[in-house]
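Asks: I am attaching a structure below and will ask some questions about it afterwards.
The values are calculated or read from the model by the stated rules, or taken from the named source; none is laboratory data. Just so we're clear, the structure is a prediction, and the values are computed from it rather than from any experiment. All Cβ positions, even for glycine, are placed from backbone atoms using ideal geometry, and neighbour counts span all protein chains on display.
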Amino acid sequence: MRDQNDVVIKIRDLRKSFRNNDGVEAVVLDQITFDIFRGETLVIMGGSGCGKSTLLNCLIGEYDVTAGEIVYKTKDMPAPKNIVGMNEQGLNDIRKRFGILFQSGALFNSMTLAENVALPLREHSYVDPSIIDIVVTLKLQQVHMLPHRDKLPSQLSGGQKKRAGLARATVLDPEILFYDEPSAGLDPVTSAAIDELIIDLSKKLAVTSIVVTHEMDSAFRIADRMVMLERGRVLKVGTRAEFERLRDAPVESLSSEAERLMNQFLNGRTIGPLTDSDGTSEYEKLLVLSRASAY
Ligand SMILES: Nc1ncnc2c1ncn2[C@@H]1O[C@H](COP(=O)(O)OP(=O)(O)O)[C@@H](O)[C@H]1O
Ligand SMILES: [Mg+2]
């Protein structure tokens, strides 16, 4: 059984709102509560616009959250630390323990792959140049990109850029790896290969992986557990097996609207509670209703 000692990130009642240009506050995340356990691969999924990237940005301390707690307990911390309201120096200290693979790979175009991968080493540590070369070689090898070490990002395919981004994300031996839509823009075969790499690295490096995706095939391949978001709220947190059961259940057997909605999403069906037969989403209808009632 897992207990609180196995929790790497504890998220409690997280709320994030943005103020629009007209001064109106838009709540994008609300009452987000779940735990992330050491060594697991947790997939955060949901439709486009449900708040996945916003949640990721809150977790990495990129966004100021409006309310709630994000408590980290990495291996070297004597006591858990809440990053909400933490200063930049404290945040940077925690950021050293994690790597991030951004949607684009976020490589510098003017640098070779090897230089891109070496960058965090140069910035964050005091490693001798010959050691840097050894580490870079090892990290490129790990993602099968060593033959391309002297190429520029513009000479690489989408999948290769992701691999290179992953080499860079792992170069400081992180304890936690964050991925934002790792298979976005890739063909199904390349996307499956990146999934294999995520699984492989999570085992070899014994990291905790947090993957944000809207791609169901990918989510079911890599996840130990899943968090389903819908309109900025957690619909369900569960193991992959629990989500598989929900996906494979006949719709008639599901008793709640939330379950039917998840069943539709997990199966990628166009008709169901998420969307009407005319393709209008429930959300759009709610918006229309709330606008109508405003007059
Ligand atoms: N910086 C921002 N300012 C205002 N609204 C934002 C901002 N970032 C995201 N949003 C809004 O928050 C919602 C969730 O966005 P996002 O987290 O990017 O969704 P996802 O990654 O699930 O597609 C969207 O409605 C989006 O318009
Ligand atoms: Mg996103």
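Asks: Find the strands (runs of 3 or more DSSP E) located wholly in segment 203-271 whose residues include 1 or more that are of a type outside the set (D, E, K, R) and within 18 Å of ALA184 (Cα to Cα), and list them.
Replies: Where strands (runs of 3 or more DSSP E) fall fully within segment 203-271 and carry at least 1 residues being of a type outside the set (D, E, K, R) and within 18 Å of ALA184 (Cα to Cα), they are 208-213.
Asks: Consider segment 19-50. How many of its residues are surrounded by 22 or more Cβ atoms within 10 Å (Cβ to Cβ) and part of a loop (DSSP other than H, G, I, E, B)?
Replies: 2
Asks: Continuing with the same structure: Hey, could you check segment 137-158 for residues that are more than 20 Å from PRO182 (Cβ to Cβ) and among the hydroxyl-bearing types (Ser, Thr, Tyr) and say which is surrounded by the most Cβ atoms within 10 Å (Cβ to Cβ)?
Replies: Checking each candidate, the answer is THR137.
Asks: Out of VAL212, VAL207, VAL189, report the one residue that is more than 24 Å from GLY238 (Cβ to Cβ) and either without any contact (Cβ under 8 Å) to a residue 24 or more places away in the chain or hydrophobic (A, V, I, L, M, F, W, C) (or both).
Replies: Exactly one of VAL212, VAL207, VAL189 is more than 24 Å from GLY238 (Cβ to Cβ) and either without any contact (Cβ under 8 Å) to a residue 24 or more places away in the chain or hydrophobic (A, V, I, L, M, F, W, C) (or both), namely VAL189.
Asks: Out of the residues in segment 55-82 meeting the condition of being touching a residue at least 60 places away in the same chain (Cβ under 8 Å) and β-branched (Val, Ile, Thr), tell me which one is farthest from ligand 1 (Cβ to nearest atom).
Replies: THR74
Asks: Would you tally the residues in segment 58-77 being surrounded by fewer than 17 Cβ atoms within 10 Å (Cβ to Cβ) and in contact with an Asp or Glu (Cβ under 9 Å, 6 or more places away or on another chain)?
Replies: 4
Asks: Give segment 51-103 a look and list any residue that's part of a strand (DSSP E or B) and away from ligand 2 (no atom under 16 Å from the Cβ), or say none.
Replies: ALA67, GLY68, GLU69, ILE70, VAL71, TYR72, LYS81, ASN82, PHE98, GLY99, listed by residue number.
Asks: Are any residues in segment 1-54 free of Cβ contacts under 8 Å to residues at least 40 places away in the same chain, within 12 Å of ligand 1 (Cβ to nearest atom) and of a type in the set (Lys, Arg), and if so, which ones?
Replies: Matches in segment 1-54: ARG19 only.
Asks: Residues being within 16 Å of ligand 2 (Cβ to nearest atom) and either of a type in the set (Lys, Arg) or surrounded by fewer than 18 Cβ atoms within 10 Å (Cβ to Cβ) (or both): count how many of those fall in segment 105-114.
Replies: Residues in segment 105-114 being within 16 Å of ligand 2 (Cβ to nearest atom) and either of a type in the set (Lys, Arg) or surrounded by fewer than 18 Cβ atoms within 10 Å (Cβ to Cβ) (or both): 1 in total.
Asks: Of all residues in segment 1-23, count the ones that are out of contact with any Asp or Glu (no Cβ under 6 Å at 6 or more places or on another chain) and modelled with pLDDT of 90 or more.
Replies: Qualifying residue count, segment 1-23: 8.
Asks: If we scan segment 5-24, do we find a residue that is in contact with a Gly (Cβ under 9 Å, 6 or more places away or on another chain) and within 16 Å of ligand 2 (Cβ to nearest atom)?
Replies: Scanning segment 5-24, I find at least one residue that is in contact with a Gly (Cβ under 9 Å, 6 or more places away or on another chain) and within 16 Å of ligand 2 (Cβ to nearest atom), so the answer is yes.
Asks: Could you list, in sequence order, all residues of segment 195-251 that are closer than 16 Å to ASP180 by Cβ and within 16 Å of ligand 2 (Cβ to nearest atom)?
Replies: The answer is ILE210, VAL211, VAL212, THR213, HIS214, GLU215, SER218, ALA219, VAL227, LEU229.
Asks: Something else about it: Sort out which residues of segment 134-189 are in a helix (DSSP H, G or I), away from ligand 2 (no atom under 16 Å from the Cβ) and among the charged types (D, E, K, R), and write them in order of number.
Replies: LYS139, LYS161, ARG163, ARG168
Asks: Scan segment 179-187 and give yes if some residue there is touching a Ser or Thr at 6+ places or on another chain (Cβ under 8 Å) and aromatic (Phe, Trp, Tyr), otherwise no.
Replies: Taking every residue of segment 179-187 in turn, at least one turns out to be touching a Ser or Thr at 6+ places or on another chain (Cβ under 8 Å) and aromatic (Phe, Trp, Tyr).
Asks: In addition: Among the residues of segment 93-104, are any over 30 Å from ILE11 (Cβ atoms), surrounded by 12 or more Cβ atoms within 10 Å (Cβ to Cβ) and out of contact with any helix residue (DSSP H, G or I) (no Cβ under 6 Å at 6 or more places or on another chain)?
Replies: No, segment 93-104 contains no residue that is over 30 Å from ILE11 (Cβ atoms), surrounded by 12 or more Cβ atoms within 10 Å (Cβ to Cβ) and out of contact with any helix residue (DSSP H, G or I) (no Cβ under 6 Å at 6 or more places or on another chain).
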